[in-house]
Each structure stands twice: as C-alpha cells, then as structure tokens.
Amino acid sequence: MTGPRIFTVDQLLDVLDQVVSASGRGDRSSASAAEYWTGLLTTPGHPLTTQLPDEPLVDWHERGLLGELENARVLDVGCGAGRNTRWFAEQGATVDGIDLAADLLDTLRPTMPAAVTLTAVDVLRDPLPTGEYDVVYDSGCFHHIAPHRRITYLQRVLPLVRPGGRFGIVAFAAERMETPSDLEVVTTGDTYGGATFSLEDLGTIFGALTPIELRAVQPDREGTFGPDFLNAALLTTSQP
C-alpha cells in the first residue's frame, strides 16, 4: 500500500489538491501561485491591468441593486490589482481586499484609499477576515478554483454575507467559451485557464442565496471593464 487510506472528506479533498498541484499548471488557487498572479497582473497590456471597475458593479449600483454603499462593509475576494476594491471605496465603503498575490498587494497598499485593507489570503485555506459584510464580491476568483474545492469556497465565503446582504460574482461564461468538464479537471489535475459557468450554473451553485439578477456582462458601457466572455450574478441572503 502506498499513501494513506482515504476515509474522510477532508482527506479526499487533500488528495485531489495533490492531483491539481502535480499538474503542469499547478494549483492556481493556492499560495504557491502567488508569483504567477503577481506576474500576470503586472504584465503590460494584459486586460487585467485595467483600473476600470466591472461593468455589472457600476450598473447594479446605479440601479440601487447593491444596497447603500456609503459606510457599507465590503469584501473583495480575489481583488487582484485592486480596481474594484478602489471603486467600492470611492462609493464610501470600507473594503477588505484579499488575494494570493502578496507582492502585488505590498505595491498597491500605499496607493489605496484609507478605507481599504489589503491582505494576502488563500481563500480556501487561510483564516478569512472576521465579521459579516454588506457586500461580498468575487471577480474572477471562483472560476480558477478546482471543481472539488467549490464546496470549500461555498462553506467559507457565503457565511460572510450578512442577512439581507449581497453576493456578487463575475465568471467565465459557458455560453461563450469552452472548457474541459469537471471530470476531466479532477482526473488530470489540469485546471486549464479556468472553468466556465452558464447563468443556470451560477444560479444552481449559489442556490442557497436568492437571485437578484443573472446576466451576461455588457461590453459597450464606457468607463467600465466588460469583456463579452463573462457572466455576472447578484444574489442576496435571506433576512432573519
């Protein structure tokens, strides 16, 4: 016999983590990928170096769907170069931005508004900021998480949304992009460039929440980041 027997869910998840880590790309949702994300997010000309906020954020805010952002508490999951983090702060929110790219966050920290706190965190494994948030927002983190770890994400992130708060997500759109099946990813360990999700997928995966709006990201709004290969979902938790 080689290796330990599997008889708990945590052991199974750990073994699948090892499969992903051993692939050519490695696990891009773990701290070992910090250097990769720092490099990508600082590559001149890469789309993610933009400072523009996501199109759905601006639209939802203008239509009052995000709730009151003045003095709101916001968590930006996978904040990257901080473009959405900064936007939330400019609307009057106090914002915690978390990301794997520790070196990038060190560079960004002095440039951010005083209401922003940036912390290097592995959202699946490290302690998360404490307390509940009025808005939890994920732009491009969830679709880089291996299929077996979506369970962990849901268990850790969704409880951070206060009753009546908002959870927003932007992810690769299955209607516009093709990616391997979850089975392929789990068996090969290769997460490729990330997973895609249809609007129906997002409604189902986040089915513990109540949908407010699920739609494609619109590419034609000036002053926003809106690639046409993304889907967006805004959901809310139940009031007590």
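The values are calculated or read from the model by the stated rules, or taken from the named source; none is laboratory data. Small disclaimer: the values here were computed from a predicted structure and weren't measured. Counting neighbours? That spans all protein chains shown, and the Cβs are built from the backbone with ideal geometry, glycine included. With ligands, DNA and RNA removed, areas are computed over all heavy atoms of the protein, side chains included. Shrake-Rupley method; radii C 1.70, N 1.55, O 1.52, S 1.80 Å.
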Checklist entry - When the range 105-128 is examined, which residues are found to be within 17 Å of the chain's Cα centre (by Cα) and open to solvent by less than 30 Å² (accessible area, probe 1.4 Å)? => result Leu105, Leu118, Val121, Asp122, Val123, Leu124
Checklist outcome for this item: When Pro56 is run through (1) in a helix (DSSP H, G or I); (2) over 26 Å from Arg149 (Cβ atoms), the failure sits at (2)
Checklist outcome for this item: Cβ pairs under 7 Å, 6+ apart or interchain, first in the range 70-84 and more than 28 Å from Thr42 (Cα to Cα), second among the small types (Gly, Ala, Ser) and surrounded by 24 or more Cβ atoms within 10 Å (Cβ to Cβ), ordered by first then second residue, are Ala72/Ala93
Checklist entry - What residue, among those in the range 39-53 that are open to solvent by 30 Å² or more (accessible area, probe 1.4 Å), in a helix (DSSP H, G or I) and in contact (Cβ under 8 Å) with a residue 40 or more places away in the chain, is nearest to Asp103 (Cα to Cα)? => result Leu48
Item to check | Criterion (closer than 14 Å to Asp138 by Cα, of a type in the set (Gly, Ala, Ser) and in contact with a helix residue (DSSP H, G or I) (Cβ under 9 Å, 6 or more places away or on another chain)) met by exactly one of Ala216, Ala208, Ala195, Ala171 | outcome: Ala171
Item to check | Pairs where the first residue, in the range 85-98, is in contact (Cβ under 8 Å) with a residue 12 or more places away in the chain and closer than 18 Å to Glu132 by Cβ and the second is of a type outside the set (Lys, Arg) and assigned to a helix (DSSP H, G or I), C-beta under 6 Å, 6+ apart | outcome: Val95/Thr85; Val95/Phe88; Val95/Ala89; Gly97/Thr85
Checklist entry - Which residue pairs have Cβ atoms closer than 6 Å, lie 6 or more positions apart in sequence or on different chains, and pair a first residue in the range 136-161 that is within 14 Å of Phe206 (Cβ to Cβ) with a second residue that is part of a helix (DSSP H, G or I) and modelled with pLDDT of 95 or more? => result Val136/Leu160; Ile145/Tyr153
